[in-house]
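Q: Below is a structure I'd like to ask you about.
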Amino acid sequence: DAGITQSPRHKVTETGTPVTLRCHQTENHRYMYWYRQDPGHGLRLIHYSYGVKDTDKGEVSDGYSVSRSKTEDFLLTLESATSSQTSVYFCAISEDLAGVGVSYEQYFGPGTRLTVT
Amino acid sequence: AQSVTQLDSHVSVSEGTPVLLRCNYSSSYSPSLFWYVQHPNKGLQLLLKYTSAATLVKGINGFEAEFKKSETSFHLTKPSAHMSDAAEYFCVVSDRGGGSYIPTFGRGTSLIVHP
């Protein structure tokens, strides 16, 4: 299994509080991603990173920020948590995005279940 | 822009019978296609991937998928379902549209296996 850990694995927090989720990899992969998973929506991309301090937005980035100060760590911050951000959050990594016209597969962490009350 | 549609949100089969999970994609370029499996309370795991080398792709645990460009489909099959196959399955497409290979996920198909 790819070396990806997420912390915490479970968190309950109150509306309006900031929350930071951590993703740590031991694979030295260039790309890291944050997704949220909600019933009926599959996985939706929040933000991704293509290197240290290089990040970009995904389709559901509002209310979230990210940082990557080291290759192995990718942090997701909910600046002021809302009930709509109750979800399961997955981190993923990939060696790169694509080679010669071919995309690389992703490896996923175990997920963080976040409940905002 | 790329997109992917999983045609069934739930598929129910009996143990020992064939499995068919349907996926259609839209892509303006030569896409890469993936199937991932997610068991309850777990992360996603790669089942198989198509990257233009061969249209019939074999994956883990007896699953396979066939890329059909004329039908823009990438359906996942297995000859005989096991109870351990009960899980959520995601079809994923990736191409260089917009200069990016960022993958797009389908909404998932829940496979239910009855004894």
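Q: Looking only at segment B:34-41, decide whether some residue is surrounded by 20 or more Cβ atoms within 10 Å (Cβ to Cβ), among the aliphatic types (A, V, I, L, M) and modelled with pLDDT of 95 or more.
A: Here is the first cut: in segment B:34-41, the ones surrounded by 20 or more Cβ atoms within 10 Å (Cβ to Cβ) are B:34-38.
Next, from what is left, pick out any that are among the aliphatic types (A, V, I, L, M): B:37.
Still in the running and modelled with pLDDT of 95 or more: B:37.
Checking segment B:34-41: at least one residue is surrounded by 20 or more Cβ atoms within 10 Å (Cβ to Cβ), among the aliphatic types (A, V, I, L, M) and modelled with pLDDT of 95 or more.
Q: Consider A:Glu95 against the criteria (1) at pLDDT 95 or above; (2) more than 9 Å from chain B (Cβ to nearest Cβ); (3) in contact with a His (Cβ under 6 Å, 6 or more places away or on another chain): it satisfies all of them except one. Which criterion is unmet?
A: Unmet condition: (1).
Q: Looking only at segment B:100-108, decide whether some residue is charged (D, E, K, R), away from chain A (no Cβ under 14 Å), open to solvent by 50 Å² or more (accessible area, probe 1.4 Å) and touching a strand residue (DSSP E or B) at 6+ places or on another chain (Cβ under 6 Å).
A: Among the residues of segment B:100-108, not one is charged (D, E, K, R), away from chain A (no Cβ under 14 Å), open to solvent by 50 Å² or more (accessible area, probe 1.4 Å) and touching a strand residue (DSSP E or B) at 6+ places or on another chain (Cβ under 6 Å), which makes the answer no.
Q: Give just the number: which of (1) of a type in the set (Ser, Thr, Tyr); (2) open to solvent by 50 Å² or more (accessible area, probe 1.4 Å); (3) over 27 Å from A:Ser87 (Cβ atoms) does B:Thr5 not satisfy?
A: The single condition B:Thr5 does not satisfy is (3).
Q: Among strands (runs of 3 or more DSSP E) lying entirely in segment A:1-106, which contain 3 or more residues that are open to solvent by less than 70 Å² (accessible area, probe 1.4 Å), over 19 Å from B:Ser32 (Cβ atoms) and among the hydroxyl-bearing types (Ser, Thr, Tyr)?
A: The qualifying strands (runs of 3 or more DSSP E) are A:64-70.
Q: Is it the case that some residue within segment B:67-90 is within 8 Å of chain A (Cβ to nearest Cβ) and either at pLDDT 90 or above or open to solvent by 10 Å² or more (accessible area, probe 1.4 Å) (or both)?
A: yes
Q: Take B:Lys49 and tell me if it is open to solvent by 20 Å² or more (accessible area, probe 1.4 Å) and more than 14 Å from chain A (Cβ to nearest Cβ).
A: Spelling it out, it is not the case that B:Lys49 is open to solvent by 20 Å² or more (accessible area, probe 1.4 Å) and more than 14 Å from chain A (Cβ to nearest Cβ).
The values are calculated or read from the model by the stated rules, or taken from the named source; none is laboratory data. What you see is a predicted model; the values in this text were computed from it and never measured. Here Cβ is always computed from backbone atoms with ideal geometry, including for glycine, and neighbour counts include all displayed protein chains. Side chains included, ligands, DNA and RNA excluded: accessible areas come from the protein's heavy atoms. Shrake-Rupley method; radii C 1.70, N 1.55, O 1.52, S 1.80 Å.
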